[in-house]
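Only one structure is covered here, and it is reproduced in the block below.
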Amino acid sequence: MELISINVGLPREASWKGRTVSTGIFKSPVEGPIKLRTLNLDGDGQADLSVHGGPDKAVYVYPAEHYEFWRGELSDLDLTWGHFGENFTTQGFLEEDVHIGDIIRVGSALVRVTQPRMPCYKLGIRSGRADMLKRFLESRRSGFYLAVLEEGTVQAGDTLSYVERSTQGISVADVMRLYAFDKDDWATMRRVVEIAALPESWRNHFRHQLEKRDQGST
């Protein structure tokens, strides 16, 4: 697994549907070593901290393998690394293979996989398409977030290596599948709510679904 691009950007204003909004979706590749800190990379920032950023979303990862699909879907755009707002563009680090709670060494930093990325309307700003949120979700190419366990220095070309694999074996793709598609996979959902590394907001969502199901079956 390889880190092929590091992308950062500070919030800026953009026009969307007749109004001006602040967004950190615009990321660009940077060269050389960069410090990865508890909340983000040096030179990076988020506009709306109520839904973006924070310890469980310090780094957004997007697999480079997905770009081939999107180049077909968005053929009129020149897609460069960082287009989807990701901080790390990676190779060989896919949602189906990565488990919630996996601990990864990258450069001198130590990180943990926490959750899938839920798309927001600002993806539409970046791509110039109002339907981008829907298309992104339906593609199941979500990418995922990392929490920083140990700060360190990272740079493009670094290897990502597993330090510890989650014993619960729930992948990023599993969580997204349960949330948006297979909403009645109760057996897997009961396993998901037991994953301590999954942020409480996600676990509460699935607990609520299970409670509704249990109440309906009594």
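The values are calculated or read from the model by the stated rules, or taken from the named source; none is laboratory data. Not measured: the values here are computed from a predicted model. Here the Cβ is made from the backbone with ideal geometry for all residues, glycine too, and neighbour counts use every protein chain on show.
Among the residues of the range 5-14 satisfying the criterion of being in contact with a strand residue (DSSP E or B) (Cβ under 8 Å, 6 or more places away or on another chain) and not β-branched (Val, Ile, Thr), which is farthest from Arg126 (Cα to Cα)? This residue is Ser5.
Just one residue in the set Val175, Val148 is touching a strand residue (DSSP E or B) at 6+ places or on another chain (Cβ under 6 Å) and under 21 Å from Arg191 (Cα atoms); that residue is Val175.
Among the candidates Gly43, Gly124, single out the residue that is assigned to a loop (DSSP other than H, G, I, E, B) and within 25 Å of Ala14 (Cβ to Cβ).
Going through Gly43, Gly124 in turn, just one is assigned to a loop (DSSP other than H, G, I, E, B) and within 25 Å of Ala14 (Cβ to Cβ): Gly43.
Results for (1) among the basic types (Lys, Arg); (2) under 30 Å from Thr167 (Cβ atoms); (3) in contact with a Ser or Thr (Cβ under 9 Å, 6 or more places away or on another chain), shown as yes or no for each residue.
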residue: Tyr60; (1), (2), (3): no, yes, no
residue: Glu95; (1), (2), (3): no, yes, yes
residue: Gly107; (1), (2), (3): no, yes, yes
residue: Pro119; (1), (2), (3): no, yes, yes
residue: Arg129; (1), (2), (3): yes, no, no
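Quick one: is Thr89 β-branched (Val, Ile, Thr), in contact with a Gly (Cβ under 8 Å, 6 or more places away or on another chain) and modelled with pLDDT of 95 or more? Criteria met by Thr89.
Of the residues making up the range 32-44, none is among the hydroxyl-bearing types (Ser, Thr, Tyr) and under 20 Å from Asp174 (Cα atoms). For the range 77-92, how many residues are charged (D, E, K, R) and either surrounded by fewer than 22 Cβ atoms within 10 Å (Cβ to Cβ) or touching a Cys at 6+ places or on another chain (Cβ under 6 Å) (or both)? The total comes to 1. Can you spot a residue in the range 158-173 that is at pLDDT 95 or above, assigned to a helix (DSSP H, G or I), within 27 Å of Ser5 (Cβ to Cβ) and not charged (D, E, K, R)? The answer is yes; a qualifying residue exists. How many of the residues making up the range 189-198 are of a type outside the set (A, V, I, L, M, F, W, C) and either modelled with pLDDT under 95 or under 17 Å from Thr114 (Cα atoms) (or both)? Number of matching residues: 2. If I filter the range 134-152 for residues that are outside any helix (DSSP H, G or I), of a type in the set (D, E, K, R) and touching a residue at least 60 places away in the same chain (Cβ under 8 Å), do I get at least one hit? Checking the range 134-152: at least one residue is outside any helix (DSSP H, G or I), of a type in the set (D, E, K, R) and touching a residue at least 60 places away in the same chain (Cβ under 8 Å).
To keep it simple, each residue is scored yes or no on (1) touching a residue at least 24 places away in the same chain (Cβ under 8 Å); (2) in contact with a Leu (Cβ under 7 Å, 6 or more places away or on another chain); (3) surrounded by 14 or more Cβ atoms within 10 Å (Cβ to Cβ).
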| residue | (1), (2), (3) |
| --- | --- |
| Ser5 | yes, no, yes |
| Arg12 | no, no, no |
| Ser22 | yes, no, no |
| Phe26 | yes, no, yes |
| His66 | yes, no, yes |
| Ser75 | no, no, no |
| Leu94 | yes, no, yes |
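Just one residue in the set Arg207, Arg203, Arg213, Arg177 is of a type in the set (Lys, Arg), out of contact with any Pro (no Cβ under 9 Å at 6 or more places or on another chain), free of Cβ contacts under 8 Å to residues at least 12 places away in the same chain and in a helix (DSSP H, G or I); that residue is Arg203.
Does His52 satisfy being surrounded by 18 or more Cβ atoms within 10 Å (Cβ to Cβ), closer than 27 Å to Ser161 by Cα, under 15 Å from the mean Cα position of the chain (by Cα) and at pLDDT below 90? Against the criterion (surrounded by 18 or more Cβ atoms within 10 Å (Cβ to Cβ), closer than 27 Å to Ser161 by Cα, under 15 Å from the mean Cα position of the chain (by Cα) and at pLDDT below 90), His52 qualifies. Across the range 14-40, the number of residues qualifying as part of a strand (DSSP E or B) and touching a Pro at 6+ places or on another chain (Cβ under 7 Å) comes to 2.
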